[in-house]
Structures are given as structure tokens and as C-alpha cells.
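First comes the structure, then the notes that go with it.
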Amino acid sequence: MRRDTTTTLYRLVPFIGLVVLLVSAAPDAARADRPAAFMKSAGMQLIAAARSRSQEMMTAVIQRYSDLPGIGLFSLGSYRTHLPRSRRSAYYDGVARFMARYFIDQAGQFPVAKFQVVTQSTKTSWGYKVDSQVTLTNGEIHRLRWDVVPRSGSYKVRDVSIVGVWITPISMVSQQKNLFEDYIRDNGGKVSALLWALGS
């Protein structure tokens, strides 16, 4: 029953699986740039997990490299104050499993031929932006912008966007926020419904 519920959620997020599975080879601009070097390491682990088709491995990678508290609370939107502090840790674990299962389900659809970090990281008021370019095996090229935040002497991924020349960047976390808020709203405004669906 719970798997059926989360499957309904996954069907609404075709973008999210794409951006994480677009990471493979070693970034060119990462050597002397700590945020970019972090993305190189995170990318190598993400692609290894995707190729393994192991949900457990992908969950572990997401938990290690992602800013799950930031992603998780933002994804609740206006309902974030309804999440009891005592349930936060379980909720973050549920978010990681949700993302991991969808990424693994989509792993074979977006095979990558080449990945490059194309610029040095850019400092912002909250962290860094790291730009990359990916080439799929079918020749398609996509630009990705990673939002990386400092955490405990290292870094975590807060968000990733597909960047287009003529469009506003499409944010993974914003898409997940819309999904979670809609799900809670459709279930009587109860955050507990989402927690149940996530296995939290």
C-alpha cells in the first residue's frame, strides 16, 4: 500500500531523476576549487550508485552529500511548521529514500557520455554555485547549476537546476516542494499523510 502511495508521488517528478543521473566523469575545473572538488566526489558516488541500481547505496550517497535538513524543510513549504521536531530525523531519512528510489527507477533512461565542471565555483551570500555541462549518449547537452552550502567543514548539495538560455533555471528542490505541498493539501493538510507515504 505504501509503495503504491509513493509511486503516485514519483509519477509527478519527471525532472528530478534526470538531474542526479547526469553525473559521471571527473570534472575539469575541480582540481583547486574546494566546492567544485566536492561536486566531483559527490558526482562520482552518485553515478556509481545509479549504475549499481541499489536503492540502499543511493540512499547512503544522498544522505552523505545532500543538505537533507535544508531540502526537507524547504520542500514542506507552508507546512514546515506542522512537522514535529521529534519527527524531523525520520522525515529526512524518508526524503532520502524517496529521492533514491526514484533515481534508481530512472537510472537507465539518461545514460551519460561526458560530465564537466565548466567554471570555478561562484561565491554567493549563502554558499557557492558550481556550473557543469553534461553530454548524453544520444548527443544531447545540458547545463546544470549546483547549489553547494558549507556544512561542518565540508559542503552539501542544497539544489541543482537545469539552466537554459531562454528559460529560468528549473530547480529540483522547487519541483519537490510543489509535489509535497500538493500531496499534503490533497490529504487534508496533514503532514502525517506525507510522513506515512515516505515511510517516516
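Every number in this text was worked out from the coordinates using simple rules, so none of it is lab data. None of the values given here were measured: they were computed from a predicted structure. FYI the Cβ positions are ideal-geometry reconstructions off the backbone, even for glycines, and counts take in every protein chain you see.
Quick notes on this structure:
- Label-to-label distance, Ile141 versus Ala113, with points set 7 angstrom from Cα along the beta-carbon direction: 1.1 nm.
- Cα centre as origin, Lys/Arg/Asp/Glu Cβ charges: segment 42-200 dipole, Debye: 400
- Calculated FRET efficiency for the pair Ser192/Ser54, C-beta based, R₀ 30 Å, to 0.05: 0.50
- Proximal lysines to Lys129, defined as alpha-carbon separation beneath 28 angstrom and excluding residues fewer than eight positions away on the same chain: Lys40, Lys114, Lys156, Lys177
- You can think of it this way: the chain between Ser78 and Ser152 has 23.9 nm of extra reach, that is 0.36 nm per residue less the Cα-Cα gap.
- Computed lengthening from Gln63 to Ala90, 0.36 nm per intervening residue step minus Cα-Cα distance: 8.5 nm
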